[in-house]
Amino acid sequence: MSLPPQLRKVSPTIWELPVSYKDGMLVPARIIASEAILNRMEASVFEQAANVACLPGILKYSYCMPDGHWGYGFPIGGVAAIDPKTGVISPGGIGFDINCGMRLVLTNLSEEEVRPRIHELVDMLFARIPTGVGCTGFVRCSRSEFRQVVEQGARWCLERGYAWPEDLELTEEHGCFSGADAKACSDKAVERGYDQIGTLGSGNHYCEIQVARPENIFDEATAQAFGITIPNQVVVMFHCGSRGFGHQVATDYLQTFLRVMTAKYGIKVHDRELACAPFRSAEGQAYFAAMKCAVNMGFVNRQVILHRIREVFSHVFHRSPQDLGMGMVYDVAHNTAKLETHLVDGIRQEVLVHRKGATRSFGPHMAGIPECYQETGQPVIIGGSMETGSYLLAGEAGAADTFFTTAHGSGRTMSRHQAKKLIKGQKLLGDMERRGIYVRTDSYGGLAEEAGFAYKDIDLVAAATEEAGLSRRVVKLVPIGNIKG
């Protein structure tokens, strides 16, 4: 792929498109990537990053993280901080799977203890955690109670025995974005979500049993602070979001914004997928309140899945989850918009940070992260493909330039359709088991879509975030068991 001729190198990991690149750009667009990653990025990433740079109220730069690839409106990996007084909010900068996020859970078990039970564990996880399109969960609540769920977030789980008190402390925003208002959510959104609590869904969502091997530890002191304390320690990582509820919230407000964006507010964008409204407008505030409900659904969904994971491990190993050391490392979202206070041109101000397929990466001694991580910085979870492994990292002070944001995953290099043309799911399943990774899936086609070769090299992505000063590598976690939709 040929790079845009206007692209200039700012540093070994920062590449910039100037405002002259496209009419209407208010700020430059910056791509965070090593040269090896940059040379394989789709041309659409540069166009989308430039389109984002045209949004009213955008501050400093439009960013794309090293895992960047084509997305709806924003590129996946896109970041934009907007002045809430003069700027807009755009569902395309958050995504359809609102609060799609990562959660990492510890055990005090070693790989040697778990390997002989891996089939039993994965089979039981697959039986207890619903996967696939349209799946429903074991939690039963009425539509009216669901509206309470999405306003209360993880606190609802704690009150019903699905959470430990410390789980909330170790979840971004304690598992609840304040200001969620279920009245801003349509009946259709509620109908799509009220029976999906505790479900994994499909696509790139997974629940994975992983190992922290000594040779994959980059920062032993921080690994210990995060709970990685024994050789070949087994952990569980999972990735999912707000399911059909969040998708419908995004769909509803995209349609609303398309109606009012130009006709009512005179806003024009280069791409209809960037439909937006002034943040302070009635429509903007209604979407923000509904989006927070979807964020809270994502936290609740992951909390209930954690409850099921603890049940499964307890059943298989005949010990309580507490005895198995099944506390959380952290839960962090990567499809949100949040009001945060950041330094902009030397002045601290409130900004609306859109993170689309991008993860918050707060550095040491920052407000908003648990006391136990004040010295290390916030745990950052970057999920890789089911074949190659994932990373646990720590937030860095250097991430201030990106409004304390880093990558969220390895990022696709090809479409799902293309991946399915290159390998059959059943063959991939067998190949992975021969390599020591036992997988259960709801769909062979869905499995083929997630083959490792369809993703960027997770090692290069994680290294690029460290070189750019956004997050530093702590430990690489390799898979030995996985369930997928």
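Taken together, the values in this text are just the output of simple stated rules run on the coordinates, not laboratory data. Just so you know, these numbers come straight off a predicted model, no measurement behind them. Counting neighbours? That spans all protein chains shown, and the Cβs are built from the backbone with ideal geometry, glycine included.
What the table shows:
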{"item": "Cα→Cβ-extended label distance, 7 Å offset, between Ser320 and Thr341, nm", "result": "4.1"}
{"item": "Degrees between helix 425-434 axis and first principal axis of the chain (Cα, 0 to 90, nearest 10)", "result": "50"}
{"item": "The chain: calculated mean residue ellipticity at 222 nm from DSSP helix runs of at least 4, using -39500 (n - 2.57)", "result": "-9000 deg cm²/dmol"}
{"item": "Dimensions in Å of the stretch 375-485 - Rg and Dmax from alpha carbons", "result": "15.5, 47"}
{"item": "Cα-based helix-to-principal-axis angle, 282-317 vs the chain, degrees rounded to 10", "result": "10"}
{"item": "Potential extension, Gln349-Glu120 segment - 0.36 nm per residue separation minus Cα distance", "result": "77.3 nm"}
{"item": "Förster-model FRET efficiency, 41 Å R0, Ser142 and Lys9, C-beta, rounded to 0.05", "result": "0.10"}
{"item": "Chymotrypsin sites (Phe, Trp or Tyr not before Pro) within the stretch 136-194: DSSP coil, no more than 14 neighbouring Cβ in 10 Å", "result": "Phe138"}
{"item": "Between helix 118-128 and the chain: long-axis angle, C-alpha atoms, 0 to 90°, nearest 10", "result": "60"}
{"item": "Residue-span extension gain [Thr262 to Glu112] - 0.36 nm each, minus C-alpha spacing", "result": "47.9 nm"}
{"item": "Structure-derived Cα extents along the principal axes in Å - corresponding label in (1) 95, 79, 44; (2) 69, 56, 43; (3) 62, 51, 48", "result": "(3)"}
{"item": "Over 26 Å (Cα to Cα) - which of Lys85/Lys456; Lys292/Lys421; Lys85/Lys264; Lys427/Lys484; Lys60/Lys476; Lys188/Lys268 fall in this group", "result": "Lys85/Lys456; Lys292/Lys421; Lys60/Lys476; Lys188/Lys268"}
{"item": "Set of aspartates and glutamates with alpha-carbon distance to Lys338 below 12 Å, sequence-local pairs under 8 removed", "result": "Asp83, Glu172, Glu173, Glu350"}
{"item": "Cut-off 17 Å, label 7 Å out along Cα→Cβ of Thr86, residues of the stretch 27-61 by amide N", "result": "27-28, 53-61"}
{"item": "Sparsely packed GluC sites (Glu not before Pro) within the stretch 25-103, loop by DSSP, other Cβ within 10 Å at most 10", "result": "none"}
{"item": "For the stretch 23-83 versus the stretch 211-231, the gap between their alpha-carbon centres in whole angstrom", "result": "34"}
{"item": "Exposure proxy order (Cβ contacts within 10 Å, fewest to most) of Lys264, Lys420", "result": "Lys264, Lys420"}
{"item": "Centroid-to-centroid separation of the stretch 427-485 and the stretch 109-127 [C-alpha atoms, Å]", "result": "18"}
